[in-house]
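In what follows, a single structure is set out as structure tokens and then discussed.
The values are calculated or read from the model by the stated rules, or taken from the named source; none is laboratory data. From a predicted model like this one, the values you see are computed outputs, not experimental measurements. Positions of Cβ are backbone-derived with ideal geometry, glycine not excepted, and every protein chain shown enters the neighbour counts.
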Amino acid sequence: MKNLLKYPNLKKTDPEIAGINTSEEKRQFLYANFIASENYASPAVREASSSVATNKYSEGYPSKRYYKGNDVAIDPVEILAQKRALKLFQLDEEQWGVNVQPASGSEANMAVYGSLLKAKGQNEDIALGMRLDFGGHLTHGFHVSFSGKFFHFEQYGLDKSGRINYEEIEILAQKFQPKLIVCGASAYSRVVEFDKFGAIAKKYGALLMADIAHIAGLIAGGVHPSPFPHCDIVTTTTHKTLRGPRGAMIFARKDKTLETASKTSPLNRNLNSKKQKSLFDLINSGVFPGLQGGPHNQQTMAIAVCLKEADTSKFRNYASRVVKNAEILADELVKCGFSIVSGGTDNHLMLLDLRPFQVNGEDVSQWLYLAGIVTNKNAVPNDPLPPQQASGIRLGTPAMTTRGMGPKEMKMFAKWIHSAVTDHSDKNLENIKKRVRDLCKNFPPPGF
């Protein structure tokens, strides 16, 4: 490994932590990462993440801070991140605004719900979201998440072919008249048809929010349809297919207004007048002061860097290769006898249903890890097993594509995955691990 970032001060001050960090560097270098929600940030993004911006407190927004001293770097960086985000997704600054302060995707979604929905109780609002075991995210209304605990969500799923059931969504929208419909997923391998969601939302007077945390880089790269022509709010993380730091953004329309929320809306308790406010203003208030205090300025700086990197022909080529690699990996796994929910993939990931092999996701993900391949267990539609076991695993190609791997390597990994599932003896797993490590040494992550 070249180790472009050397950490001399960390090694001197805290050798124990430095040693743990070195061990993690080696793991990331030698293991094949097929976790769909992970990627490798560039050295520039990592440097920005450790910048002196971490020393500054900056509650509020540019030119409207509660602390002095933000004029030199913090305000300019946040404004630059906003401009780059709008430019990347080809948005008009007069129609759209973007908040780059959320610390995570879950917090971004919570800020939206808290800003726009009346919580459970008297006169509660209703939202629609995708079921977790059908590919949705915890924050799309699952009962153990804040989204399901504090807000009334009705859940939709997939049809018999493994595609989003748009007929079911319309039935639910007609029945419940939701204020908000949430689309997007964390384990769905097909194109999300935002136009169909938009038509349903418009027909029943609902706001439409897209959570594009997984596919933001694909949208920016032009290989997945954009949600923006159809949506009122769009949330995303910045560390998956965008290859940035761990963080999030919320896009919201400036040209659409609502009556300010009542006192039962958790993050906008002071907005009980009958004034009209734009969606963007409501959500800004929901982020700060509604949910967070001071933003992580070093995170904002790193987000600005990753957005610059994503607005290049090199990144658009990367996004195309991610999808192509996923298609090839899925096809090869099907040839090996695996069942993929929906039958294949149009994006960066696939969900393998392991029930035909009579094994569970926990065991398989552990066998693969012992073979040097990192994945995660995942529920499948109508999963009979508890989440701690699950009947599937999720695979994604963003990280290995960042390392420069292509079709040849995807075919190799499909065979190794099949071998590990069908023969998980110590000898076979160790043999696969050696071959994986030899391959990974030829494809180092950025900066390693």
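Please tell me if residue 198 is surrounded by fewer than 24 Cβ atoms within 10 Å (Cβ to Cβ), in contact with a Lys or Arg (Cβ under 7 Å, 6 or more places away or on another chain) and under 24 Å from residue 348 (Cα atoms).
So residue 198 fails the test.
If I ask for residues that are buried (at least 20 other Cβ atoms within 10 Å of the Cβ) and either closer than 18 Å to residue 225 by Cβ or charged (D, E, K, R) (or both), which ones from the stretch 328-345 would you list?
Those that are buried (at least 20 other Cβ atoms within 10 Å of the Cβ) and either closer than 18 Å to residue 225 by Cβ or charged (D, E, K, R) (or both): 342, 345.
So is residue 266 at pLDDT 95 or above and either of a type in the set (Ser, Thr, Tyr) or assigned to a loop (DSSP other than H, G, I, E, B) (or both) or not?
No; evaluated as a whole, the condition is false for this residue.
Report yes if residue 277 is at pLDDT below 95 and surrounded by fewer than 22 Cβ atoms within 10 Å (Cβ to Cβ), otherwise no.
Taking the combined requirement at face value, the residue satisfies it.
Of a type in the set (Ser, Thr, Tyr) and free of Cβ contacts under 8 Å to residues at least 12 places away in the same chain - does that describe any residue in the stretch 380-397?
No, because not a single residue in the stretch 380-397 is of a type in the set (Ser, Thr, Tyr) and free of Cβ contacts under 8 Å to residues at least 12 places away in the same chain.
Tally time: how many residues in the stretch 214-249 are under 12 Å from the mean Cα position of the chain (by Cα), part of a loop (DSSP other than H, G, I, E, B) and of a type in the set (Gly, Ala, Ser)?
Count: 2.
Under the condition of being closer than 12 Å to residue 108 by Cα and assigned to a loop (DSSP other than H, G, I, E, B), which residue from the stretch 199-213 is farthest from the chain's Cα centre (by Cα)?
Among those that are closer than 12 Å to residue 108 by Cα and assigned to a loop (DSSP other than H, G, I, E, B), it is 212.
Looking at 332, 327, which one is free of Cβ contacts under 8 Å to residues at least 24 places away in the same chain and either within 15 Å of residue 218 (Cβ to Cβ) or in contact with a Phe, Trp or Tyr (Cβ under 9 Å, 6 or more places away or on another chain) (or both)? Break it down stepwise before answering.
Working: 332 fails: free of Cβ contacts under 8 Å to residues at least 24 places away in the same chain.
Only one candidate passes the filter, namely 327.
Residues of the stretch 408-448 being crowded, with 20+ Cβ neighbours inside 10 Å, β-branched (Val, Ile, Thr) and either more than 22 Å from residue 26 (Cβ to Cβ) or not assigned by TED's automatic domain parsing to the domain that holds residue 374 (or both), which ones?
417, 421
Which members of the stretch 152-186 meet the condition of being among the acidic types (Asp, Glu) and part of a helix (DSSP H, G or I)?
Answer for the stretch 152-186, where residues must be among the acidic types (Asp, Glu) and part of a helix (DSSP H, G or I): 167, 168, 170.
Taking only pairs six or more apart or across chains, which ones have beta-carbon atoms under 9 Å, a first residue in the stretch 3-27 that is in contact (Cβ under 8 Å) with a residue 60 or more places away in the chain and in a helix (DSSP H, G or I), and a second residue that is among the charged types (D, E, K, R) and surrounded by fewer than 14 Cβ atoms within 10 Å (Cβ to Cβ)?
Note: no pairs meet the criteria.
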